[in-house]
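In what follows, a structure is listed as structure tokens, so that the remarks can point back to it.
Any read-out appearing in this document is the output of simple, stated calculations on the displayed coordinates, not a laboratory observation. Everything quoted here is computed from the prediction, not taken from an experiment. Glycine gets a Cβ as well: all are built from the backbone with ideal geometry, and neighbour counts include every protein chain shown.
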Amino acid sequence: MEKLTSVEGRAYPFGMKNVDTDIVIPAHWLKTISRSGLGKGAFEVLRTEPGNVFDDPEYAGSPILIAGDNFGCGSSREHAAWALMDLGIKVVIAPSFSDIFSGNAFKNGILTVVLPQEAIDRLMEVARTDPISVDLEHQSVTTPFQDRFAFDIDPFRKQCLLGGLDEIGLTLASGAAIDGYEAKAARERPWVVPAIA
Amino acid sequence: MTKPTTLYQKIWDAHVVETRPDGTCLIYIDRHLVHEVTSPQAFEGLRVGGRKVRRPDLTLAVPDHNLPTTARRDANGQRIPIANAESAQQLAALERNAPEFGIRLIGDADPEQGIVHVIGPEQGFTLPGTTMVCGDSHTSSHGALGSLAFGIGTSEVEHVLATQTLQLKPSKTLEVRVEGELGFGVTPKDVALAICGALGTAGGTGYVIEYRGSVFETMSIEGRLTVANMSIEAGARSGLFAPDEKTFAYLQGRPMAPKGADWDAAVAYWKTLKTDEGAVFDKSITIDAATIAPNVTWGTSPEDVVAITGVVPDPESFADASKRAAAAKSLDYMGLTPGQKLAEVPVENIFIGSCTNSRIEDLRAAASVLKGRHIAPGVKQALVVPGSGLVKRQAEAEGLDGIFKAAGFEWREPGCSACLSMNPDRVPAGERCASTSNRNFMGRQGPGARTHLVSPVMAAAAAVTGHLTDVRELIEDKKGMVA
């Protein structure tokens with residue numbers, strides 16, 4: 001996973017509420033067996049609309065996406081995070097996220113920042129003309145106009161993002177504890193292992 | 001005396017491998033279902049990292065999303081090639097990955113093949129008190145049997161394959177009570193839609209739901225599967241039912257369920273799995289069963305629910321500005337006008353299927369409405385897609401296929417089908433579908449498709465009249481209908 005410390009650049013002033021992962025990447029794009037190339041299908045349904053932010057040259061290649069409440073609801077498809085990654089998005093800022101999406105984003109090195117609606121409204125305004133800075137180390141989002149919004153993040157996630165750490169590698173370091181759990185479970189609940197059909 | 005705890009807490013506590021100082025836990029995963037869409041990149045990750053599957057015996061693979069629901073083998077038993085090259089490639093990847101990593105695969109033409117969330121319970125792979133995951137958000141379904149089951153992304157699929165664990169933080173708990181008695185024609189699907197309407201699509205975010213109250217106590221296991229399935233539509237990754245005698249009766253004798261002394265030990269343990277008297281939930285809601293009507297969705301989010309007797313709402317009637325904007329956008333997409341009666345909305349497509357409503361009770365219920373009737377002239381496509389090969393066989397043994405076919409329905413092979421249209425089954429742009437699936441998102445059933453979520457009996461009623469219809473008007477007493 002790529003390290004993420006701070007991101008500065010233009011932001012898509014998107015703002016839409018309840019964006020489900022079918023909107024982020026429709027199902028017919030899920031037939032791939034690789035993680036890359038999904039940017040082409042990102043927000044496909046919305047991109048049929050003239051004047052949408054994703055095809056506006058003003059915002060092309062922006063590393064930040066500003067979204068509305070409950071971003072990423074619906075399907076568990078990690079393709080949604082891969083599609084954003086393929087578009088070059090490194091940070092999504094919204095008032096709230098679905099649980100599965102924020103986990104998927106994190107596992108791909110995308111930072112999800114939760115800020116109150118007033119802050120989102122202000123960032124939407126700034127994003128139309130100017131860049132935005134996100135500093136993970138100091139947990140803040142700033143604008144060239146002296147706006148500063150502090151955000152919370154799970155310390156473990158922060159550490160993983162800053163260090164670009166591989167979560168599987170971290171867990172495998174607990175191999176002995178997993179062995180111990182399995183031995184105990186086999187004694188106490190032997191029926192958990194499925195019968196051979 | 002120990003502190004009273006919730007069912008969720010009990011299952012969680014029994015699966016903690018390690019707790020870190022920040023509260024993150026390494027949670028052991030007892031069951032892992034794998035399908036062809038969200039697993040290829042996970043297996044590729046294992047291969048690149050030189051890693052193995054830690055517990056292939058706790059893992060079960062089955063293709064479901066991409067499979068055509070037309071015949072899969074010719075008269076000589078040879079596979080009929082899948083026309084879409086990418087779908088064929090995903091199926092081929094699963095067929096290669098499962099044996100390579102030692103995982104049991106239920107193949108595309110095996111009699112047990114079906115939607116992951118239908119075959120898990122059906123095979124007895126799903127058990128009370130277990131933790132279960134799958135790269136699919138409707139994994140919440142398995143909570144109907146008292147399994148703490150939730151959808152995960154592909155990176156987590158890889159993590160579970162490699163370590164049989166996940167790094168998680170505990171969720172908050174949400175009690176959803178439905179008390180009283182459901183009216184005639186009101187089904188578990190209507191209850192699930194009513195809950196989505198009451199909570200909203202983000203109301204359950206961060207929570208695990210526990211379904212309690214008299215309606216759920218008397219509900220069949222298949223009805224509970226429908227309700228638990230749609231937990232995620234209210235934002236909750238999991239929805240639990242405490243296991244009871246119905247659960248044990250459902251599971252006993254299933255192929256992968258415990259046998260003999262193991263069965264007895266398991267049941268004794270499962271009986272301890274309930275929320276203690278006095279345990280506290282972080283949030284609770286109660287719905288009076290008498291207020292639930294046969295429901296239908298009008299918009300592009302499962303929270304956009306209204307009784308079939310109602311009208312399309314006016315976006316201006318919503319207090320919140322962003323909700324007003326969303327509703328206006330939804331109505332534009334759906335081609336509906338405020339004040340329009342739902343029961344007058346014509347439909348061209350009917351879909352009976354999906355992990356929400358494709359089990360034998362769903363098919364019996366729909367068939368009970370269709371018996372002796374025929375689809376209306378305006379209905380261009382009417383599909384029944386059983387949830388599994390075993391459901392299909394059972395339905396055929398009961399003669400349900402004959403009822404569907406005589407009514408003008410197509411009787412298909414099992415799979416996810418037109419719920420999300422990864423296979424050739426879809427709803428054409430601009431057309432409507434009365435669908436027993438779980439999501440009415442824009443483009444879900446095909447680009448431009450307009451989805452109205454309903455129960456199986458309501459889908460059958462719409463098929464007969466050609467418009468969304470209150471099923472209670474078609475069958476006036478309980479004798480004729482299995483609901």
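Only bridges with both residues in chain A count here: give the DSSP antiparallel percent, nearest 5. Walk me through the numbers on the way to the answer.
Numbers: 10 of 22 bridges.
If we restrict to bridges inside chain A, about 45 percent are antiparallel.
Can you classify segment B:61-196 as rounded, prolate or oblate using the Cα gyration tensor, where a ≥ b ≥ c are the square roots of its eigenvalues, rounded means a/c under 1.5, and otherwise it's prolate if a/b beats b/c and oblate if not?
Working: a/c = 2.43, a/b = 1.42, b/c = 1.72.
The shape class here is oblate.
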**Prompt:** Among A:M124, A:M16, A:M85, which one shows the biggest mean-square fluctuation in a GNM of chain A, springs joining Cα atoms closer than 10 Å?
**Reply:** A:M16
**Item:** Choice from A:Y12, A:Y181, A:Y59 showing the highest fluctuation, given a GNM over chain A with Cα pairs closer than 10 Å
**Value:** A:Y181
**Item:** Stretch in chain B that is longest and holds no chymotrypsin sites (Phe, Trp or Tyr not before Pro) that DSSP places in a loop and that have at most 16 other beta carbons within 10 Å
**Value:** B:1-183
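For chain A, what relative contact order do you get, as a whole percent, if you take Cα pairs closer than 8 Å and at least 6 residues apart? Walk me through the numbers before you get to the answer.
Values: 349 pairs, mean separation 48.6, N = 197.
Relative contact order comes out at 25 percent.
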**Request:** Give the residues of segment B:82-97 whose amide nitrogen is closer than 15 Å to a point set 7 Å from the Cα of A:K40 in the direction of its Cβ.
**Result:** B:85-87
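Compute the signed sum of charges (Lys and Arg +1, Asp and Glu -1) over the other residues within less than 12 Å, Cβ to Cβ, of A:E44.
Once positives and negatives cancel, what remains is -1.
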**Prompt:** Between B:F318 and A:L162, what is the spin-label point distance in nm, taking each point 7 Å from the Cα along the Cα→C-beta axis?
**Reply:** 4.0
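Which length gain, in nm to one decimal place, applies between B:R79 and B:K169 when the Cα-Cα distance is subtracted from 0.36 nm times their residue separation? Please report the intermediate quantities before stating the final value.
Values: separation 90, 0.36 × 90 = 32.40 nm, distance 4.49 nm.
Length difference between fully extended and current span is 27.9 nm.
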**Request:** Please work out the FRET efficiency for the pair B:T337 and B:D288, using the Cβ-Cβ distance as r and a Förster radius of 41 Å; give the result to the nearest 0.05.
**Result:** 0.85
**Prompt:** Normalised by the residues of chain B, what does the relative contact order come to in percent, with Cα pairs under 8 Å and at least six apart?
**Reply:** 17
**Message:** Would segment B:329-483 count as rounded, prolate or oblate if I go by the C-alpha gyration tensor, calling it rounded below 1.5 in a/c and otherwise prolate when a/b exceeds b/c, oblate otherwise?
**Reply:** oblate
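Could you please rank B:L251, B:L336, placing first whichever residue has the fewest other Cβ atoms within 10 Å of its Cβ? Don't jump to the answer; show the numbers that get you there.
Working: B:L251 23, B:L336 20.
So the residues, fewest neighbours to most, are B:L336, B:L251.
For the protein assembly as shown, rounded, prolate or oblate, judged on the Cα gyration tensor with a ≥ b ≥ c (square roots of eigenvalues), a/c < 1.5 rounded, else prolate if a/b > b/c?
Numbers: a/c = 1.41, a/b = 1.11, b/c = 1.27.
In terms of gyration-tensor shape, rounded.
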**Prompt:** For chain A, modelled as a Gaussian network with Cα springs under 10 Å, which listed residue fluctuates most, A:E118, A:E137, A:E58?
**Reply:** A:E118
**Request:** Run down the lysines and flag those whose C-alpha is under 18 Å from the C-alpha of B:K371, throwing out any fewer than 8 positions away in its chain.
**Result:** B:K392, B:K405, B:K478, B:K479
**Item:** Value of relative contact order over segment B:297-480, rounded to a whole percent, pairs C-alpha under 8 Å and six or more apart
**Value:** 28
**Asked** With point charges of +1 on the Cβ of Lys and Arg and -1 on the Cβ of Asp and Glu, referenced to the Cα centre of segment A:1-143, which listed residue (A:Q117, A:S34, A:T5) lies farthest in the positive direction of the dipole?
**Response** A:S34
**Request:** Run down the lysines and flag those whose C-alpha is under 20 Å from the C-alpha of B:K259, throwing out any fewer than 8 positions away in its chain.
**Result:** B:K246, B:K271
**Subset of A:K184/B:K52; A:K17/B:K283; A:K107/B:K283 violating a 27 Å alpha-carbon distance limit** = A:K107/B:K283
